[in-house]
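Asks: Quick one: the structure is below, and I'll ask about it shortly.
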Amino acid sequence: MKCSQCTVADTKVIESRDVNDGEAVRRRRECVQCSYRFTTYERIERPVVTVVKSNGTRELFDRQKLLAGLLRACEKTSISSLQLERLVTQIEHEIQACGEQEVPSAKIGDMVMDRLAELNQVAYVRFASVYRKFTDIEGFEKELLQIRDQQKASAKLS
């Protein structure tokens, strides 16, 4: 690593520590020539993922856009912003773990729906109404029936 003061390429690491829940490493360095100290960060370079929408258009995966949609669906519920951050992080990691450069928006929507169903039923139905483009009350009824059926099935397993 080059010294940012004298541009000598010889520096030594004085201290290293994990930051951002192990997602990055912070290093304190010192130039062996001029003794200038500086900090560098080492982060994992994540692949760029493109979302393929239902109409065929493509856009880069945007964590903030997903979080904003979840925040709208979870308004006035007991779900905290920390829980939503974790949910988005889980989905982001799952998308990157699949190793594909293009991911259909339907796949992301299904991931969100699965996790929201576990967190809060009201938020789940709100998200579903936008994601599945409900146009009438029948769409809501079908979704509510599915939730009830899942609850009955999980109650029988318990």
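Asks: Six or more apart or on different chains, Cβ under 6 Å: which pairs go from a residue in region 1-19 that's among the aliphatic types (A, V, I, L, M) to one that's in a loop (DSSP other than H, G, I, E, B)? Could you list them?
Replies: Val8/Gln33; Ala9/Lys2
Asks: Within region 49-127, which strands (runs of 3 or more DSSP E) (wholly inside it) include 3 or more residues that are within 29 Å of Leu145 (Cβ to Cβ), out of contact with any helix residue (DSSP H, G or I) (no Cβ under 7 Å at 6 or more places or on another chain) and assigned by TED's automatic domain parsing to the domain that holds Glu141? It would help to see each step written out before you state the result.
Replies: Details: elements: 50-52, 58-60, 102-104.
Per the criteria, no element qualifies.
Asks: Hey, could you check region 123-158 for residues that are among the charged types (D, E, K, R) and in contact with a Gly (Cβ under 9 Å, 6 or more places away or on another chain) and say which is farthest from Lys107 (Cα to Cα)?
Replies: Step one: list which residues in region 123-158 are among the charged types (D, E, K, R), which gives 126, 132-133, 136, 138, 141-143, 148-149, 152, 156.
Narrowing further to those that are in contact with a Gly (Cβ under 9 Å, 6 or more places away or on another chain): 132-133.
Values: Arg132: 13, Lys133: 16 Å.
Looking at residues that are among the charged types (D, E, K, R) and in contact with a Gly (Cβ under 9 Å, 6 or more places away or on another chain), I get Lys133.
Asks: Further question: If you go through region 109-149 one residue at a time, how many are aromatic (Phe, Trp, Tyr), loosely packed, with under 15 Cβ neighbours inside 10 Å and modelled with pLDDT of 80 or more? Can you show your working first?
Replies: Here is the first cut: in region 109-149, the ones aromatic (Phe, Trp, Tyr) are 124, 127, 131, 134, 140.
If we keep only those that are loosely packed, with under 15 Cβ neighbours inside 10 Å too, we end up with 140.
Filter once more, keeping what is modelled with pLDDT of 80 or more: none.
Number of matching residues: 0.
Asks: Kindly establish whether Ile79 is among the β-branched types (Val, Ile, Thr), over 30 Å from Gly22 (Cα atoms) and more than 13 Å from the chain's Cα centre (by Cα).
Replies: Working: among the β-branched types (Val, Ile, Thr): yes; over 30 Å from Gly22 (Cα atoms): no; more than 13 Å from the chain's Cα centre (by Cα): yes.
Against the criterion (among the β-branched types (Val, Ile, Thr), over 30 Å from Gly22 (Cα atoms) and more than 13 Å from the chain's Cα centre (by Cα)), Ile79 does not qualify.
Asks: Search region 97-117 for residues that are within 15 Å of Lys133 (Cα to Cα) and pair each with any residue that is of a type in the set (Ser, Thr, Tyr) when their beta-carbon atoms are under 7 Å apart and the residues are at least 6 apart or on different chains.
Replies: Going by the 7 Å Cβ cut-off, the qualifying pairs are Ser105/Ser54; Ala106/Ser54; Gly109/Tyr131; Met113/Tyr124; Met113/Tyr131.
Asks: When region 1-31 is examined, which residues are found to be small (Gly, Ala, Ser) and assigned to a strand (DSSP E or B)?
Replies: Let us first name the residues in region 1-31 that are small (Gly, Ala, Ser), namely 4, 9, 16, 22, 24.
Answer for region 1-31, where residues must be small (Gly, Ala, Ser) and assigned to a strand (DSSP E or B): Ser16, Ala24.
The values are calculated or read from the model by the stated rules, or taken from the named source; none is laboratory data. Nothing here was measured: the structure is a model prediction, and the numbers come from that model. Here Cβ is always computed from backbone atoms with ideal geometry, including for glycine, and neighbour counts include all displayed protein chains.
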